[in-house]
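Just below is one structure, and these are the notes that go with it.
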Amino acid sequence: MSQQHETRALEKRTSDDSAPLTKKLQDLYALIDGIQFCMMTTRRSDGNLVSRAMASQTNMNGTDLWFFANIESHKFDEINFDNHVNLSYFGSDKSWVSVAGTAKVSQDREKIKEMYTTDLRAWFPDLEDGVHDGSPSDPRIALILVEANSVTYSKSDASMPVKYFLIAKSIITGEAPNIQKLRHLEKSDLEAGRDGEKKDDALRKEEVNFSSNSETTKTFFEQGAGGADQIVTERTTPFGNVV
């Protein structure tokens with residue numbers, strides 16, 4: 001068997017694309033949330049690739065990822081030259097994620113305030129000029145949004161003893177160990193994930209509105225005629241209080 005056929009056979013044996021889309025997305029989010037840093041790869045104007053460590057922020061839009069960065073760094077020149085980027089994550093359990101997408105730069109102060117955390121001050125020190133102070137209004141602070149176009153990731157639910165056993169078995173049998181499962185998410189899958197996230201947000205807003213408009217009941221004691229206590233029930237409805 002040729003090396004190409006062996007590679008295809010291994011990919012087929014380790015592929016896990018039969019998993020439901022919801023499960024694929026949930027596992028992807030869990031993997032990324034559990035890995036603090038990724039390597040962001042961009043292309044320089046001379047065609048060479050450059051990678052640097054970046055810390056992902058909360059996935060605000062489902063399959064898309066946000067990063068804080070210094071607007072004065074070279075990565076912004078590279079994104080302006082070619083906004084196609086790759087994000088690679090590697091976990092302590094040997095799980096990994098590769099995200100291919102396009103990058104957009106934002107200096108939206110409201111979005112920066114929404115996502116800002118105080119530990120960013122370590123990367124944006126106060127220059128004591130009244131402007132560059134590491135706060136959300138610091139003009140150096142910008143956001144990079146990576147809109148994912150495709151994702152490949154490898155996930156393993158096996159414990160370390162099981163992994164070692166499978167590796168030892170492969171040495172004896174000469175067959176590559178099937179430790180991790182490969183999953184692929186294409187553009188249509190990711191768009192479905194974005195649509196699902198929007199629907200979830202809409203449902204949460206409806207629940208909040210329903211909760212604020214729903215009828216509530218409160219019971220309390222009130223002194224009635226002749227000094228005797230009587231039980232009073234007050235109902236709060238969208239139209240006012242009813243006693």
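The values are calculated or read from the model by the stated rules, or taken from the named source; none is laboratory data. Here the structure is a predicted model, which is why all the values come from computation and not from measurement. Note that we place each Cβ from the backbone using ideal geometry, even for glycine, and neighbour counts take in every protein chain shown. Note: accessible area is taken over every heavy atom of the protein model, side chains too, but ligands, DNA and RNA are not part of it. Shrake-Rupley method; radii C 1.70, N 1.55, O 1.52, S 1.80 Å.
Across the protein chains, with a 1.4 Å probe defining accessible surface, the residues 75, 181 rank 181, 75 from largest area downward. Scalar couplings 3J(HN,Hα) for the range 87-96, obtained by applying the Karplus form with A = 6.51, B = -1.76, C = 1.60 to θ = phi - 60°, are 10, 10, 10, 9, x, 5, 8, 6, 6, 8 Hz; x denotes Gly and Pro.
If Lys and Arg each add +1 and Asp and Glu each add -1, what is the summed charge of the other residues whose beta carbon sits under 15 Å from the beta carbon of residue 81?
Working: positive: 43, 44, 75, 104; negative: 46, 77, 78, 82.
So the environment of residue 81 carries a net charge of 0.
Phi angles across the range 130-141 convert, under the Karplus curve 6.51 cos²θ - 1.76 cosθ + 1.60 with θ = phi - 60°, into 3J(HN,Hα) values of x, 10, 8, 10, x, 7, x, 8, 4, x, 6, 7 Hz, Gly and Pro given as x.
What net charge do the residues around residue 67 carry, taking every other residue with its C-beta under 13 Å from that of residue 67, with Lys and Arg at +1 and Asp and Glu at -1? Kindly include the intermediate steps, with their values, before the conclusion.
Details: positive: 52, 75, 104, 111; negative: 64, 147.
Summing Lys and Arg as +1 and Asp and Glu as -1 gives +2.
A simple spin-label model places the labels of residue 137 and residue 90 4.3 nm from each other, with each point 7 Å out along Cα-to-Cβ. For residue 95, which sequence-distant residues (separation of 5 or more, or a different chain) have an amide H within less than 5 Å of its own amide H, given hydrogens modelled in the peptide plane? So residue 95 has HN proximity to no qualifying residue.
For the residue pairs 23/187; 104/155; 24/187; 155/187; 23/181, alpha carbon separations beyond 25 Å are given by 104/155.
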